[in-house]
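Some notes on the structure that comes next.
The values are calculated or read from the model by the stated rules, or taken from the named source; none is laboratory data. The shown structure was predicted, so the numbers you read here are calculated from the model rather than taken from an experiment. Note that each Cβ is placed from the backbone with ideal geometry, even for glycine, and that neighbours are counted across all protein chains shown.
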Amino acid sequence: MTEAFARVPELLAAHVLLAFAALALGLAIALPLAVVSARRPAVARVTLGIASLVQTIPALALLALFYPLLLSLSALLGGAIPALGFLPALLALTLYALLPILRNGVTGLVGLDPAVIEAADGVGMTPWQKLRLVEAPLVAPVLMAGIRTAAVWTIGAATLSTTVGAASLGDLIFAGLQTQNWNLVLAGCIASAALAMAVDMLLASAEHGLRARRPWRAWASLALLGAALLVSVAPKLSPGADVVTVGAKGFSEQYILARLIGNRLETAGYRVRYREGLGSAVAFDALANGDIDVYVDYSGTLWTNQMQRTDVPPRAAIVAGVRDWARETRGVRTLGTLGFENAYAFAMREADAEKLEVRTLSDLSRVAPNLAFGTDVEFLERPEWRAVRDAYGLRFASQTPYHPTFMYRALASGRADVIPAFSSDGRIAADRLRVLADPKGAIPGYDALLLLAPARADDARFSAALAPLIGRIPVEAMREANYRVDRDAGKQSPAAAARWLAARIGLSEAAPAR
Amino acid sequence: MPEQSGPALAFDGVTKRYPGGVVAVDDVSLAIAGGSFVALVGTSGSGKSTLLKTVNRLIDPDAGRITIAGADVAAEPAPHLRRRIGYVFQNTGLFAHMTVGENIAIGLRLAGAAPAERRARVDELLALVELPGEVANRLPDALSGGQRQRVGVARALATRPRLMLMDEPFGALDPVTRASLGEAIRGLHDRLALTTVMVTHDMAEAMLLADRVLVMAQGRIVADATPAALMRGEAGAEAEALAAVPREQAHRLARLERA
């Protein structure tokens with residue numbers, strides 16, 4: 001549990017920064033809108049309508065939508081806008097914060113006693129004086145209630161910004177969910193809930209101060225919030241060592257490799273941050289845009305998804321093709337292959353495969369209409385699946401996406417009969433699965449590639465720190481490391497598995513543990 | 001004490017129509033002498049409040065013009081105009097988030113007066129409306145209805161306006177409070193030599209306080225008389241309809257006294 005909480009301070013700071021920035025931007029937009037809306041009912045119908053509509057979009061979808069939106073906007077403006085990381089998260093959360101502030105502001109203003117407004121006009125206040133001296137103080141308590149709601153929502157929804165590559169306490173929750181490390185999930189939940197409650201209490205205290213005409217109390221609460229923000233920003237302002245961001249997609253192998261890479265970079269004197277749980281589609285762009293400095297991807301993934309290729313040449317040709325394409329189009333450097341492949345491997349329970357006499361994907365197409373297909377969340381949308389499906393004419397009785405970890409559980413429990421497993425996964429052997437052959441060669445090679453961001457491409461010290469990993473990790477070692485994280489009994493953290501892996505491949509002094 | 005009387009007030013062809021075709025004020029032309037206390041009497045919907053509010057431009061007329069001491073009220077920004085006119089109305093409209101003192105001093109604050117000056121003026125005004133000085137630190141909610149209305153009057157007088165507009169100022173008060181506040185206001189009018197226009201639906205109150213009573217019906221001035229003329233029934237049919245009741249009541253009360 002201590003290890004789970006070790007990353008909380010760093011992520012908490014990022015979380016505070018993101019949520020506060022979204023709240024501040026939300027206030028900056030919602031307050032003038034509320035004033036205008038309160039004066040004109042027609043405007044109120046439009047603004048409140050839009051804000052309510054935004055609220056009905058699930059936060060996760062709202063975050064995801066900002067990625068393509070910013071990507072196309074960025075393309076229009078010549079690539080000046082980062083489509084990943086802080087910006088999309090900030091914008092989505094800001095939209096989320098609008099409704100409660102706007103609604104309470106409008107309700108409060110419209111509900112003011114008309115006599116008070118007449119009096120304000122009667123004593124000769126200008127519209128601005130009326131707003132500042134009369135309307136704002138009288139609406140403040142109602143408005144503050146809206147701001148509190150917005151703050152709690154924003155802090156909660158900020159955990160989802162992990163998926164668009166913005167660091168937050170959600171990193172812990174997503175990583176914990178992927179690796180079934182419930183301590184991590186708990187750490188993320190407890191920290192974000194505590195943050196939400198603390199901010200809510202401070203705002204409540206400010207609200208109380210306003211109601212009770214004790215301005216010092218309101219200011220003290222706001223000062224504490226400001227201090228929290230300062231503490232969060234401080235590390236970003238201090239000119240420390242060169243900070244490197246290591247990226248990882250959302251499964252165990254990626255978490256382990258990120259730690260392995262990070263440990264080497266720390267040894268080389270870099271300060272290392274992790275950006276974990278990135279979506280497959282998002283990770284490569286994050287690297288090309290410099291949001292992350294280094295991560296591991298797989299040749300086939302880039303070949304089919306980024307390069308949109310449908311042909312399947314030999315493994316070496318794919319690696320070479322990806323390397324040239326990445327360098328030429330995006331300036332991304334492929335340092336090399338790590339030495340193992342993590343291909344899609346269609347797998348069945350050994351006993352079933354034996355009974356149904358299935359050894360290859362061709363055999364599978366014969367019995368597939370009676371079988372349930374369980375996949376990870378993105379497989380059914382990937383071009384590799386379309387290629388395999390069309391090459392073999394696969395048609396299943398049902399298709400259900402799971403989180404990668406739960407996909408194996410579904411197979412073991414009989415809820416799924418076939419899964420697209422990963423060839424470097426330790427559970428293939430441990431769960432006694434049969435991997436089906438691909439006689440038509442429909443599935444491309446998936447060599448693990450160590451990729452460097454354009455800014456690091458020519459950084460000799462950086463590549464020197466990582467070069468020893470090239471060609472060094474055999475698939476057996478990767479499987480064993482993955483299994484240490486994925487197994488149910490004696491589960492290890494990705495960091496521990498990374499230390500084990502480093503020792504196993506002879507890159508650390510420590511003896512292989514356990 | 002006062003060196004000269006309040007400004008004269010004139011309406012020239014003032015008309016106000018509301019959406020839907022209702023004519024609230026119908027081509028009213030009228031001159032009010034400086035220093036007079038005029039009561040504007042009429043039933044609900046007669047247009048008397050609307051006419052009053054065209055003076056401090058809480059309502060802008062569709063036609064006609066209003067002058068104060070010869071100057072068109074539309075010639076300057078409305079907030080500036082209003083700072084020179086005292087305005088008291090039925091619901092008082094005290095600012096609930098400000099103390100009584102802050103309420104009274106709001107006009108001075110808008111004019112940029114220093115805090116010390118404001119405090120001195122608040123004490124002076126509280127004495128003027130016969131309230132104890134310690135209410136300055138209380139919130140309006142802690143006062144009675146009559147006290148709140150006195151605070152409203154003090155707030156209206158803070159910037160030393162020479163023209164007072166009062167819209168049903170005693171509407172929500174009990175008869176005893178009404179009477180004492182009415183006397184207080186008439187006393188202030190005389191001592192400060194103001195020009196006062198008071199809207200009321202209570203003819204007895206109008207006759208007791210004002211120098212001149214105007215009766216409005218359907219947006220027009222239908223009678224214009226002194227209280228004495230009204231008492232004698234010489235002000236025409238519309239005025240007589242309103243004046244007959246209080247006069248008859250006065251006679252009956254007088255008979256009770258003699259009995």
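Taking the criterion of being facing chain A (nearest Cβ under 10 Å) and either closer than 23 Å to B:L9 by Cβ or among the aliphatic types (A, V, I, L, M) (or both), the residues of region B:109-122 that qualify are B:L110, B:A111.
Please give the strands (runs of 3 or more DSSP E) falling wholly within region B:35-99 in which 2 or more residues are closer than 19 Å to B:F11 by Cβ and more than 14 Å from every other protein chain (Cβ to nearest Cβ).
Details: elements: B:37-41, B:63-68, B:85-89.
Result: B:37-41, B:63-68.
For region B:85-126, a tally of residues being buried (at least 22 other Cβ atoms within 10 Å of the Cβ) and of a type in the set (S, T, N, Q) returns 2.
With respect to (1) of a type outside the set (F, W, Y); (2) surrounded by 15 or more Cβ atoms within 10 Å (Cβ to Cβ); (3) assigned to a loop (DSSP other than H, G, I, E, B), the lone exception for B:K16 is condition (3). Taking the condition of a type in the set (A, V, I, L, M), modelled with pLDDT of 90 or more, assigned by the TED database to the domain that holds A:M144 and crowded, with 20+ Cβ neighbours inside 10 Å, does A:A22 pass? Answer is yes for this residue.
Regarding A:Y67, is this residue touching a residue at least 12 places away in the same chain (Cβ under 8 Å), touching a Phe, Trp or Tyr at 6+ places or on another chain (Cβ under 7 Å) and either under 20 Å from A:F284 (Cβ atoms) or assigned to a helix (DSSP H, G or I) (or both)?
no
Each residue in region B:150-166 was checked for being among the charged types (D, E, K, R) and in a helix (DSSP H, G or I), and 2 of them qualify.
For region A:101-120, the set of residues classified as surrounded by fewer than 22 Cβ atoms within 10 Å (Cβ to Cβ) and either at the interface with another protein chain (Cβ under 10 Å from one of its Cβ atoms) or in a loop (DSSP other than H, G, I, E, B) (or both) consists of A:G111, A:L112, A:D113, A:P114, A:A115, A:V116, A:I117, A:E118, listed by residue number.
Counting only residues that are buried (at least 20 other Cβ atoms within 10 Å of the Cβ) and of a type outside the set (A, V, I, L, M, F, W, C), region A:310-332 holds 1 of them. Of everything in region B:143-158 that is polar (S, T, N, Q) and more than 13 Å from chain A (Cβ to nearest Cβ), the residue that is farthest from B:L126 (Cα to Cα) is B:S144. Scanning region A:70-93 for residues that are assigned to a helix (DSSP H, G or I) and over 19 Å from A:A24 (Cα atoms) yields A:L70, A:L71, A:S72, A:L73, A:S74, A:A75, A:L76.
Return a yes/no flag: does region B:74-83 have any residue that is within 15 Å of the chain's Cα centre (by Cα) and either of a type outside the set (S, T, Y) or farther than 13 Å from B:V28 by Cβ (or both). Within region B:74-83, one or more residues are within 15 Å of the chain's Cα centre (by Cα) and either of a type outside the set (S, T, Y) or farther than 13 Å from B:V28 by Cβ (or both). Across region B:201-259, the number of residues qualifying as touching a helix residue (DSSP H, G or I) at 6+ places or on another chain (Cβ under 7 Å), of a type in the set (D, E, K, R) and more than 30 Å from B:P61 (Cα to Cα) comes to 1.
Taking strands (runs of 3 or more DSSP E) that do not extend beyond region A:339-437, which have at least 1 residues that are of a type in the set (V, I, T) and crowded, with 21+ Cβ neighbours inside 10 Å?
Values: elements: A:344-349, A:372-376, A:398-402, A:418-422, A:433-435.
So the answer is A:372-376, A:418-422.
Checked against (1) farther than 26 Å from A:P127 by Cβ; (2) in contact (Cβ under 8 Å) with a residue 40 or more places away in the chain, B:L108 passes all but condition (1).
Restricting to region B:19-48, and then to whatever is of a type in the set (S, T, Y) and exposed (fewer than 15 other Cβ atoms within 10 Å of the Cβ), can you tell me which residue is farthest from B:M198 (Cα to Cα)?
Narrowing region B:19-48 to residues of a type in the set (S, T, Y): B:29, B:36, B:43-44, B:46.
Pick out the ones that are also exposed (fewer than 15 other Cβ atoms within 10 Å of the Cβ) and you get B:29, B:43-44.
Numbers: B:S29: 17, B:T43: 14, B:S44: 15 Å.
Checked region B:19-48; the qualifying residue farthest from B:M198 (Cα to Cα) is B:S29.
Restricting region A:256-281 to residues that are surrounded by 23 or more Cβ atoms within 10 Å (Cβ to Cβ) and hydrophobic (A, V, I, L, M, F, W, C) leaves a set whose member that is farthest from A:A498 (Cα to Cα) is A:L278.
Only one residue in A:A455, A:A496, A:A448, A:A503 is in a helix (DSSP H, G or I) and within 29 Å of A:R327 (Cβ to Cβ), so which one is that?
On the way: A:A496 fails: within 29 Å of A:R327 (Cβ to Cβ); A:A448 fails: in a helix (DSSP H, G or I); A:A503 fails: within 29 Å of A:R327 (Cβ to Cβ).
Just a single option satisfies the conditions, and that option is A:A455.
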